Amino acid sequence: RTLIIDDEPHVRETLHSLLQKFCPQVKVVGEAGSVASGVREIKEKLPDLVLLDIKMDDGTGFDLLNRFEHIGFKIIFVTAWEKYAIQAFGFSAVDYLLKPVNPEKLAEAVKRADQQVQGTFNIQLNTLKENLASPDNPNHKIILKTSDNVYLVNVQDIIHCASDSNYTLFALTDGEKVMVSRLLKDYDEMLSRSGFFRVHRSHLINLNHIKRFEKQDGGSVVMSNGDKIPASSRGRERLMELFDELASP
């Protein structure tokens, strides 16, 4: 049971058509073109999944969600928002689709929503709201999902990340190691604005947790937890440039 809420009629029509063609298991039970009508449709149709536009004429998708004390449905956001907002979605692991919507990404997002636990989604949604409300907060939260757990982590509690094939291993300040099924490249893009530095093809470090740089054996960075991270020749060069900038009066 799926509801489409978007203030552009052609977008609603396109989404409906794509769902019929690429997600035959989905039944569209209604559409709405505003926050107000969207609230009414949700209360009346009780959907399992809502495709929700973020910016509408009478408010935002978040205004709509704030009208509900309890969110009992999954959400895939549809957006044309700028990059900083997209980063917030990445941090919270909430699914979003960029306009114009890609059919394959729509099908993948619907599949993930179908497999997701509602309680987990609500945690991710709250994290998204917090990060969007404070986009310049250097210690915003990030969701790390493993096969067994969902971790809600302050970004500055991440000491470093390491690539392990198609996985990324996070080392946290409390000593815990968290393995996530996602590429290091994705986290490099996400965390670059939060003081993280790609010191090696396989390693991303938090500059706030550097203890010292050791020049021998090609160079390595010793982190606050004692872990020693190798630096590539390019990474070492860029890190030295950064240290010089910080040391300049």
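Considering region 1-70, the qualifying helices (runs of 4 or more DSSP H), each wholly inside and each with 2 or more residues that are under 18 Å from Ala109 (Cβ atoms) and free of Cβ contacts under 8 Å to residues at least 60 places away in the same chain, run over 9-22.
For the structure I just gave you, tell me whether Ile54 is buried (at least 17 other Cβ atoms within 10 Å of the Cβ), closer than 16 Å to Gln124 by Cβ and modelled with pLDDT of 85 or more. No, not satisfied. Among the candidates Arg193, Arg238, the residue that is at negative phi, touching a residue at least 60 places away in the same chain (Cβ under 8 Å) and not β-branched (Val, Ile, Thr) is uniquely Arg193. A count restricted to region 116-134 and to residues that are of a type in the set (A, V, I, L, M) and modelled with pLDDT of 70 or more stands at 3.
Considering region 11-30, and only residues there that are more than 26 Å from the chain's Cα centre (by Cα) and β-branched (Val, Ile, Thr), the residue that is surrounded by the fewest Cβ atoms within 10 Å (Cβ to Cβ) turns out to be Val29. All told, Val153 falls short of being in a strand (DSSP E or B) and surrounded by fewer than 18 Cβ atoms within 10 Å (Cβ to Cβ).
Exactly one residue among Met190, Met179 is among the hydrophobic types (A, V, I, L, M, F, W, C), at pLDDT below 90, in the same structural domain as Ser163 (by TED's automatic domain parsing) and closer than 30 Å to Tyr151 by Cα, and that residue is Met190. The residue that is surrounded by the fewest Cβ atoms within 10 Å (Cβ to Cβ), among those in region 212-249 that are farther than 15 Å from Arg198 by Cβ and within 29 Å of the chain's Cα centre (by Cα), is Gly226. Residue count for region 10-52 under the criterion of being farther than 15 Å from Gly72 by Cβ and charged (D, E, K, R): the result is 6.
The values are calculated or read from the model by the stated rules, or taken from the named source; none is laboratory data. None of the values given here were measured: they were computed from a predicted structure. Methodologically, a virtual Cβ is constructed for each residue, glycine included, from the backbone with ideal geometry; neighbour enumeration extends over all protein chains shown.
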